[in-house]
Every structure is written in C-alpha cells, then in structure tokens.
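Structure, as structure tokens:
The values are calculated or read from the model by the stated rules, or taken from the named source; none is laboratory data. Everything quoted here is computed from the prediction, not taken from an experiment. Positions of Cβ are backbone-derived with ideal geometry, glycine not excepted, and every protein chain shown enters the neighbour counts.
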Amino acid sequence: MTASPLISASNLGRFYSVSGGMFAPSGTVKALDGASFTLEEGKTLAVVGESGCGKSTLARLVSLIEEPTAGELLFEGEPASAQVPEHRKLVQIVFQNPYGSLNPRHKIGTILEEPLRLNSDLSRAECRKRADEIMERVGLRPEHYDRYPHMFSGGQRQRIAIARALMVNPRVLVLDEPVSALDLSIQAQVLNILAELQEEFNLAYLFISHDLSVVKHISDEVMVMYLGKVVEAGAAKTVFDNPKHPYTQALLSATPVADPHRKKKRIMLQGELPSPLNPPAGCAFNPRCRNAIEKCRAEAPALVFDEKTELACFNPTPL
Amino acid sequence: MALLDISNLTVEFQTASGMFRAVDNTDIRCDRGEILSIVGESGSGKSVSMLALMGLLPWTANISADKIEFDGRDMRSIDKNARRKIVGKDMAMIFQEPMSSLNPCFTVGFQIGEVLKFHLGLDRATRRKRTIELLEQVGIPAPESRLSVFPHQLSGGMSQRVMIAMALAADPKLLIADEPTTALDVTIQAQILELLVGLQKDKDMALILITHDMGVVAETAERVQVQYAGQKVEEQAVGNLFDKPHHPYTSALLSALPERATGRELPSIPGVVPGQFDRPPGCLFAPRCSFAQDVCNKGVVRQDEALGATLCNFPVNVGKADTVKPAEAG
Ligand SMILES: Nc1ncnc2c1ncn2[C@@H]1O[C@H](COP(=O)(O)OP(=O)(O)O)[C@@H](O)[C@H]1O
Ligand SMILES: Nc1ncnc2c1ncn2[C@@H]1O[C@H](COP(=O)(O)OP(=O)(O)O)[C@@H](O)[C@H]1O
Ligand code: SF4
Ligand SMILES: [Mg+2]
Ligand SMILES: [Mg+2]
C-alpha cells in the first residue's frame, strides 16, 4: 500500500450565510465550492485567481482555522481536526500582511517561542535554542531576539512570520500572498529563503498568490480558481505553457510581461467579477467568456481530466 | 520646451527626529503626446515629487527646485488661486485608492459636475450631458443610470474609471497616474491601462505613469526614469532600459524578476533601502551594490545622457563608443 498523501481534500467547501444589512442583500456566499487536491511532501501547490475567488478561505480550512461546511480534508489519511495536537503542528500559516499578524507589544523572541510553549513541553532553554536556530536559518540576527516588530522592515517581518511558522517543525506551510506586499528586491530574498527551507526540511507549500510570474517560478502544481470553484488544475508547467480554460488564458494574457519588445495580443476580459451572492447560472464564467455556448448558460461544467490536466469547461479552445 | 520641466527638485520633511529627505535633486520632464513612467520601490519619492508639483504636500514639507515649469509657467512662485485654476484642469492626477479620493457623501454625477462647474463654468444641463459623455468615454456601461450612484456602490475598477472621468473632465494637458492599477486584479488592470493609453493617444496628453511594476512599465511606457531613495538614478527609452540598464540598481532589479530567473535561486539585492538615519555619504546604492568601490562611499558622478544620465561611478552595459566619466571623491 502506498502511503497516504500529506494532505488530501475532496469536494472541500465553505459557505457563509450573510444576513443582509441596510444596503446588502442576504443569502449564501459559496466562498469555496468543491475543491479537490492532494499535497505531497517537498512540493508546492499554487492557488491562483482574482480577489474574492476563495483563496484565503481555502487557506483557513487547510490550516484548521475554520472548519469546512462540505467535503473532506485528510492529513495523512486521517480526518483533519484542530483537536488533534499533531494536526495543529503539521500545518502552519503565513499571511500577506506581516504587520497585522505579529503582536506589536511582544518581542520577537516571545513571538517565536509562543507556539512552542503552547504546543510542546520543551524547557525555556530549549525553546530559546530553537528560536536562535530558526532565526539564523531565515537570516535574522541574534540581537533581533529582543526587538519589537515595529523596528523591522516589511521583508524582515515576513522573515519573522516564516520563522514563527517553522518553530513547531511543521511539514506544510500555507503561504497566503506571502510576498505580495513586498518590493521586488525584497520579494526575491523571501522567495529564495522559502526555496531553501523547502529543500532543507522537505516542506510542502500551499502557495497562494495573484502574481502569476511568482507562481510560475515557485510552483510544481497549480490550481486556478474562479468564484469559489477550481476551473483548471495540473502540473504548473503544463498549465502555464498550454492553458485550456478560457479564464486561465485570459488571466495569463492579462499579466504584464517585463519585455518591452514582446508585442502580444491580449485577450481583454469584458466586465468584472459578478457578485458572489448572485453568481451567474451555468458556468460562473460564462458572462465574461469568449467561448461561451448555449450549454454554458444552463449547466455548470464539472472538473474532469482532460489529457494531462483537470478542466471545467464545455468549450475549451487552444490559445 | 517640455510641457512639464522640473529640475533639481528636493523635498525634505520636518519630522520629530530631524529632517528627512524624501526627494533628492530629481529632474522630471514630460511632453505632450508622450508616456513617461517613473518606477521605483516604495518610499523612493515617486508620490511626494508629484504632490510637490501639485502643491498638495503638508506644511512640514520644505520644497526647493531650480525649476518647476508647467506649460510655460513657473509653479514655484504661483499663488494659491492661480494654482487652483491649473490643478484639476490642465494638470490632473489619479491615485492608487480611488475610494479615498472620491467623496463618499456625494453621487458620482455630482462630483464630476463640480469639476465641470469650477473649471469650465458649464451650466446644469450641459454638465449633465458632458458627465454622461465622460462616463461613456471611460467605459462605464449604462452611464445615465450611474449618475446617481454613490462611490461605495462601485467596484474598485469602476471607481478607478470614475476617477479617470473626473480627471479628464476639463481636458488636461498632463495626466499623472500614481499606481492607478496597483489595487486592482490583473484582468481589470489590463482594462484600465488600455483605457489610459488609449485616452492619452486620442487627446495627445502627457501621461506620467507611476508604478513599481516592471511588467506595467514594459508594456505601457515610452520613456522610463528609475528612482532610488529619492534620487533619479537613470532615464532611458523603455526598450533600452530593459536591454541595457546602466545603473547597477536597475540591472539588479530586472534580474530579480521571477520571470527572468534561470534557476530556482533568484538573484536578489542584499540589504534594504537606506532610511533617515543611515543615508550613505556617497552613492546611496553603494552598501547594496556589487560593483561598488571605495570611491563610491565618498561621492558619485552623473554620467552623460548617452549613458542614461545614470548616477553611478561604474555604469554597467557600457558600449565601446560610450565615454564613462571618471569617479571623483567627495
Ligand atoms: N467570514 C466570511 N463571511 C462572509 N463572506 C466571506 C467570509 N470570508 C470570505 N467571504 C467571501 O468569500 C469569498 C471568497 O473570499 P476569500 O477566500 O477571502 O477570497 P480571496 O482570498 O481569493 O480574495 C468572497 O466573496 C468573500 O467576500
Ligand atoms: N508627510 C510626510 N511626512 C514625512 N515623511 C513623508 C511624508 N510623506 C511621505 N513621506 C516619506 O517620504 C518618502 C517617499 O514617499 P513616497 O513619495 O510616498 O514614496 P513612493 O515612491 O512609494 O511613492 C517615504 O519614506 C515616506 O515615508
Ligand atoms: S556608484 Fe558605485 S555603488 Fe553606486 S551604483 Fe554605481 S557602482 Fe554601485
Ligand atoms: Mg485572500
Ligand atoms: Mg507612492
């Protein structure tokens, strides 16, 4: 028997009921609707899509911050649960905004050691030793141990957040837009650290980003989402070299390329993302899709294998 | 003479811990019919230099310049009233967060109408007609029905379109777009950039596009100036800048792009941009530069225009025909 994958999700969903306020209608938001995937040791699965497509919701489910309202999440073949201490340690999360996620009143040392004090019975000295090791590993200096978050730049704070996530020896990092707030030169530093750490500890990454050039660089597998649903998934190289879903094609073609000599023809998507409270019938992408046919307005396409990748589309055309 | 001609602009802020130089001897020139992109990482003084031009900085700012000329007028000595007649009319600006520049209490139609009233003195009926035309021009569907909409009812992309309509209301000669698409998703960014470039061509405007995104620069700009820590470190036509950057910072920045990576490890720039207290005495990039020599810690020369007027003692990608000015200490 082959070992169960580190993480596997089938038909994972999270619906929110929103009670309409004075201006907003009430109803159900299908923030995440039926995501299935597996995540293996040492690999990076990237999740891409525009804001509101459910990336952060997925991140919260996988890191056990919230429970799914549908589907199944397994850690090494067992139902994942925040009640199981090993599960809490298995997955750690790093957020986009390192400012918001670090307690401003605590010193870096305290911030780093907190997860260990909560999740292990290591002595003070052992906690300190671990903090020193990890700090060195992410490129922080020993004197940083006694400083406060506000004394650090954005890039350094993201190093601190990564260090904190690593304290309990997790095997999976959920990275929710980890470099989106960083300047280019600092982004490269942080991406390099993530690559080194993955190699060294054989970490699995669930890497969430809206920046396709970053995703292309870092991921093994990719999952493209639109309005809570996975529309295309597969090996990153295959999907990026030969995108099949009209949305993936539009997303790739809208991403600016840093080459002024490349004259490219752009697929200009019409309109904007529809309201998640009132998604279009049929395929949610149909009002903006240049390939839409009658069937797309009536029925929602399922995600099915199509040669090498998975695709949810009735009328795909090559780019 | 260029439509906009700024030379040696310096902006310093009085802060609790002393003076902080946000813009440092920077030149900016832009003519009708051209797109200049100002690119640089956050804090490099891009926004502050434009706010200085528009007279929108707080009193804690000390502004000095050898020249700030717009459309032949000296903007340094201009009085408040005269400035108010230019800003928003001949020179307009849009920002990253359209929501923060729209007044939440008034309808879209009213806010555009106010610009038309103040700058062009149009009557009520003409204002309404012109507002609808403007909304149509910026690609807002069913413009008539949007007149009575409040800003919070619009998506990010739609409010940026409204901001553009407002900026265009009085037919500006210069449009400054400060990170206009940074807060938007890429498919909406593509729509907005196409709109801006199309309008710039149609109206033969000067467009200054401020961004930190090298992809956006490559696809939209004609001429590019690169800012680092408040200084202009080089300026070139867009094609040349990407092929042959002359400043080590530009060169390193381009190499750090994931899309240009050859291996898993990205060539990164060590360290961070200097702050108020660790501003180096010579070249501001010296502590992070892989070409730096001792002399770079003492002073830095500005090269000729053939080398992009780059601010560097040891410019890179130098051809046989180029003459490099020698470094001089202090
Ligand atoms: N706690 C919540 N209550 C109601 N709606 C929510 C909640 N969290 C997220 N949503 C909605 O779910 C959708 C997906 O959100 P999110 O996962 O944050 O997307 P992304 O991270 O891709 O931008 C959005 O429409 C968002 O408004
Ligand atoms: N009102 C102010 N008082 C003090 N410092 C300021 C003020 N406005 C901007 N700065 C500082 O000036 C520098 C340049 O800012 P800015 O022009 O906004 O950078 P950017 O290139 O990101 O647009 C930054 O370090 C910023 O913190
Ligand atoms: S002047 Fe020196 S330190 Fe500055 S960029 Fe050029 S080589 Fe590097
Ligand atoms: Mg998110
Ligand atoms: Mg700015």
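Exactly one residue among A:Ser209, A:Ser213, A:Ser219 is under 20 Å from the mean Cα position of the chain (by Cα), within 8 Å of chain B (Cβ to nearest Cβ) and more than 16 Å from ligand 3 (Cβ to nearest atom), and that residue is A:Ser213.
Could you tell me whether A:Ala31 is away from ligand 1 (no atom under 11 Å from the Cβ), in a strand (DSSP E or B) and touching a helix residue (DSSP H, G or I) at 6+ places or on another chain (Cβ under 6 Å)?
Working: away from ligand 1 (no atom under 11 Å from the Cβ): no; in a strand (DSSP E or B): yes; touching a helix residue (DSSP H, G or I) at 6+ places or on another chain (Cβ under 6 Å): yes.
So A:Ala31 fails the test.
Residues considered: B:Thr181, B:Thr187. Of these, the only one that is within 16 Å of the chain's Cα centre (by Cα) and within 14 Å of chain A (Cβ to nearest Cβ) is B:Thr181.
Residues that are surrounded by 23 or more Cβ atoms within 10 Å (Cβ to Cβ), away from ligand 5 (no atom under 16 Å from the Cβ) and closer than 30 Å to B:Ala206 by Cβ: does the stretch B:266-280 have at least one? No, the stretch B:266-280 contains no residue that is surrounded by 23 or more Cβ atoms within 10 Å (Cβ to Cβ), away from ligand 5 (no atom under 16 Å from the Cβ) and closer than 30 Å to B:Ala206 by Cβ. In the stretch A:293-308 there is no residue that is more than 14 Å from chain B (Cβ to nearest Cβ) and under 30 Å from B:Glu219 (Cα atoms).
Identify, from the list B:Ala16, B:Ala22, the residue that is aliphatic (A, V, I, L, M) and at pLDDT 95 or above.
Testing whether each residue is aliphatic (A, V, I, L, M) and at pLDDT 95 or above leaves just B:Ala22.
For the stretch B:273-296, the condition of being modelled with pLDDT under 95 and either within 16 Å of ligand 1 (Cβ to nearest atom) or within 11 Å of chain A (Cβ to nearest Cβ) (or both) holds for at least one residue.
When B:Val217 is tested against (1) at negative phi; (2) more than 10 Å from chain A (Cβ to nearest Cβ), just one condition goes unmet, and that condition is (2). For the stretch B:18-35, taking the residues that are away from chain A (no Cβ under 14 Å) and hydrophobic (A, V, I, L, M, F, W, C), the one that is nearest to ligand 4 (Cβ to nearest atom) is identified as B:Ala22.
Quick one: is B:Lys67 within 25 Å of B:Arg21 (Cα to Cα), in contact (Cβ under 8 Å) with a residue 40 or more places away in the chain and surrounded by fewer than 19 Cβ atoms within 10 Å (Cβ to Cβ)?
On the way: within 25 Å of B:Arg21 (Cα to Cα): yes; in contact (Cβ under 8 Å) with a residue 40 or more places away in the chain: yes; surrounded by fewer than 19 Cβ atoms within 10 Å (Cβ to Cβ): yes.
In short, yes.
Against the list (1) more than 13 Å from ligand 1 (Cβ to nearest atom); (2) in a loop (DSSP other than H, G, I, E, B); (3) touching a helix residue (DSSP H, G or I) at 6+ places or on another chain (Cβ under 9 Å), the condition A:Ala9 fails is (2).
Could you please let me know if B:Cys283 is touching a Cys at 6+ places or on another chain (Cβ under 8 Å), part of a loop (DSSP other than H, G, I, E, B), among the hydrophobic types (A, V, I, L, M, F, W, C) and under 22 Å from B:Asp27 (Cβ atoms)? I'd like the intermediate steps shown before the answer.
Details: touching a Cys at 6+ places or on another chain (Cβ under 8 Å): yes; part of a loop (DSSP other than H, G, I, E, B): yes; among the hydrophobic types (A, V, I, L, M, F, W, C): yes; under 22 Å from B:Asp27 (Cβ atoms): yes.
For B:Cys283, the condition - touching a Cys at 6+ places or on another chain (Cβ under 8 Å), part of a loop (DSSP other than H, G, I, E, B), among the hydrophobic types (A, V, I, L, M, F, W, C) and under 22 Å from B:Asp27 (Cβ atoms) - is met.
Flag: A:Ser185 matches the condition of being in contact with a Gly (Cβ under 9 Å, 6 or more places away or on another chain) and among the small types (Gly, Ala, Ser). Going through the stretch B:147-202 one residue at a time, which ones are in contact with a strand residue (DSSP E or B) (Cβ under 9 Å, 6 or more places away or on another chain), over 14 Å from B:Phe95 (Cβ atoms) and surrounded by 24 or more Cβ atoms within 10 Å (Cβ to Cβ)? The answer is B:Ala169, and nothing else. Within the stretch A:188-198, not a single residue is in contact (Cβ under 8 Å) with a residue 40 or more places away in the chain, within 16 Å of ligand 4 (Cβ to nearest atom) and of a type outside the set (Ser, Thr, Tyr). In this structure, is A:Val179 closer than 30 Å to A:Val304 by Cβ and buried (at least 23 other Cβ atoms within 10 Å of the Cβ)? So A:Val179 does not fit the description; no.
Please determine whether any residue of the stretch B:162-169 is under 14 Å from the mean Cα position of the chain (by Cα) and either touching a residue at least 12 places away in the same chain (Cβ under 8 Å) or closer than 30 Å to B:Asp304 by Cβ (or both). No, the stretch B:162-169 contains no residue that is under 14 Å from the mean Cα position of the chain (by Cα) and either touching a residue at least 12 places away in the same chain (Cβ under 8 Å) or closer than 30 Å to B:Asp304 by Cβ (or both).
Just name the residue that is surrounded by the fewest Cβ atoms within 10 Å (Cβ to Cβ) out of those in the stretch B:135-146 that are over 25 Å from the mean Cα position of the chain (by Cα) and within 12 Å of chain A (Cβ to nearest Cβ). Even if it seems obvious, please write down each step before you answer.
We begin by selecting, within the stretch B:135-146, every residue over 25 Å from the mean Cα position of the chain (by Cα); these are B:136, B:140-146.
Next, only the ones that are within 12 Å of chain A (Cβ to nearest Cβ) stay: B:140-141.
Working: B:Ile140: 20, B:Pro141: 11.
Among them, the one singled out is B:Pro141.
Take the residues of the stretch A:274-318 that are hydrophobic (A, V, I, L, M, F, W, C) and in contact with a Ser or Thr (Cβ under 8 Å, 6 or more places away or on another chain): which is nearest to B:Gln153 (Cα to Cα)? Going through the qualifying residues, I end up with A:Leu277.
On the given criteria, is A:Ala131 in contact (Cβ under 8 Å) with a residue 12 or more places away in the chain and under 25 Å from the mean Cα position of the chain (by Cα)? No. Among residues of the stretch A:207-225 being part of a strand (DSSP E or B) and either among the hydrophobic types (A, V, I, L, M, F, W, C) or buried (at least 24 other Cβ atoms within 10 Å of the Cβ) (or both), the one that is farthest from ligand 1 (Cβ to nearest atom) is A:Val222. For the stretch A:118-136, indicate whether the set of residues that are of a type outside the set (Asp, Glu) and within 16 Å of ligand 2 (Cβ to nearest atom) is non-empty. No: zero hits.
For the stretch A:194-206, a tally of residues being over 17 Å from B:Glu265 (Cβ atoms) and either within 13 Å of chain B (Cβ to nearest Cβ) or of a type in the set (Lys, Arg) (or both) returns 0.
The condition of being on the phi < 0 side of the Ramachandran plot, at pLDDT below 95 and within 16 Å of ligand 3 (Cβ to nearest atom) holds for only one of A:Ser180, A:Ser275, A:Ser185, that being A:Ser185.
A single entry from B:Asn8, B:Asn25 fulfils the requirement of being within 30 Å of B:Ser251 (Cβ to Cβ), more than 15 Å from the chain's Cα centre (by Cα) and within 16 Å of ligand 3 (Cβ to nearest atom): B:Asn25.
Of all residue pairs spaced 6 or more apart or on separate chains, those with beta-carbon atoms under 7 Å, a first member in the stretch B:313-330 that is at pLDDT below 90 and a second member that is in a loop (DSSP other than H, G, I, E, B) are B:Ala327/B:Val301; B:Ala327/B:Asn313; B:Glu328/B:Gly299; B:Glu328/B:Val301; B:Ala329/B:Lys298; B:Ala329/B:Gly299; B:Gly330/B:Lys298; B:Gly330/B:Gly299. The condition (being closer than 30 Å to A:Ala298 by Cβ, touching a residue at least 60 places away in the same chain (Cβ under 8 Å) and within 14 Å of another protein chain (Cβ to nearest Cβ)) is satisfied by just one residue among A:Met268, A:Met225: A:Met225. Condition (residue is within 12 Å of another protein chain (Cβ to nearest Cβ), modelled with pLDDT of 95 or more, more than 17 Å from B:Asp27 (Cα to Cα) and in a helix (DSSP H, G or I)) applied to the stretch B:259-270: is it met by at least one residue? Within the stretch B:259-270, none of the residues are within 12 Å of another protein chain (Cβ to nearest Cβ), modelled with pLDDT of 95 or more, more than 17 Å from B:Asp27 (Cα to Cα) and in a helix (DSSP H, G or I).
Scanning the stretch A:166-193 for residues that are within 14 Å of chain B (Cβ to nearest Cβ), more than 19 Å from B:Pro267 (Cβ to Cβ) and not small (Gly, Ala, Ser) turns up A:Glu177, A:Pro178.
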